[in-house]
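Scroll down for the structure; my scribbles are underneath it.
The values are calculated or read from the model by the stated rules, or taken from the named source; none is laboratory data. Given the structure is predicted, the values throughout are model-derived calculations rather than measurements. Virtual Cβ from ideal backbone geometry, glycine too; neighbours counted across all protein chains shown. For the accessible areas, the whole protein counts, side chains as well, though only heavy atoms, and no ligand, DNA or RNA atoms are used. Shrake-Rupley method; radii C 1.70, N 1.55, O 1.52, S 1.80 Å.
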Amino acid sequence: RPLVLPEAVATVDSEAGPLDLGQTVGCACGISAQHGGFMLDCDRCHRWFHGPCVSVCEDCPPSAWFCGDCEITRLVALHQAHLAKRRNRGAREENGVAKEKGASASEESDEDLAPLALSPKKSRKAKAASKAA
């Protein structure tokens, strides 16, 4: 089953709260907005999350915040843009070489199409252990 990420919401009621009609709570904890305390909404999909569940303090909320799903979407879009630049740069370079030699441009490499690595960061101990091995 493919991963389905939330769509960006174009029109937003900036005065709406998590209990208002039409608002969606997206927090994975399962606690309703009525019993959840401090909540914040994602700046892209505008689902509501409990601050403590997403490690955001009520005393110091960020000016912009994206839920985990929207952060993945943002990272994938950045990665796709990066790959497109690499492919375009490579195509320009290959076309220049092809014109000089009279050959056709080669196909793009599989390396350029590699998926975005979303692996967790290694701890210092894990890094030290992998260096020692």
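Only residues that are within 23 Å of the chain's Cα centre (by Cα) and charged (D, E, K, R): list them for region 4-50, please. Result: Glu7, Asp41, Asp43, Arg44, Arg47. What is the number of the single condition among (1) over 15 Å from the mean Cα position of the chain (by Cα); (2) touching a residue at least 24 places away in the same chain (Cβ under 8 Å); (3) exposed (fewer than 13 other Cβ atoms within 10 Å of the Cβ) that Arg1 does not meet? Looking at each condition in turn, Arg1 falls short on (2). On the stretch given as region 52-75, residues that are open to solvent by 60 Å² or more (accessible area, probe 1.4 Å), under 15 Å from Met39 (Cβ atoms) and touching a residue at least 40 places away in the same chain (Cβ under 8 Å) total 0.
If you check Leu78, Leu83 for being under 30 Å from Val25 (Cβ atoms) and modelled with pLDDT of 75 or more, only one passes: Leu78.
Remark: pairs (first residue in region 28-43, within 16 Å of Ser63 (Cα to Cα); second residue surrounded by fewer than 11 Cβ atoms within 10 Å (Cβ to Cβ); Cβ separation under 7 Å; 6+ apart in sequence or on different chains) = Asp43/Ala64.
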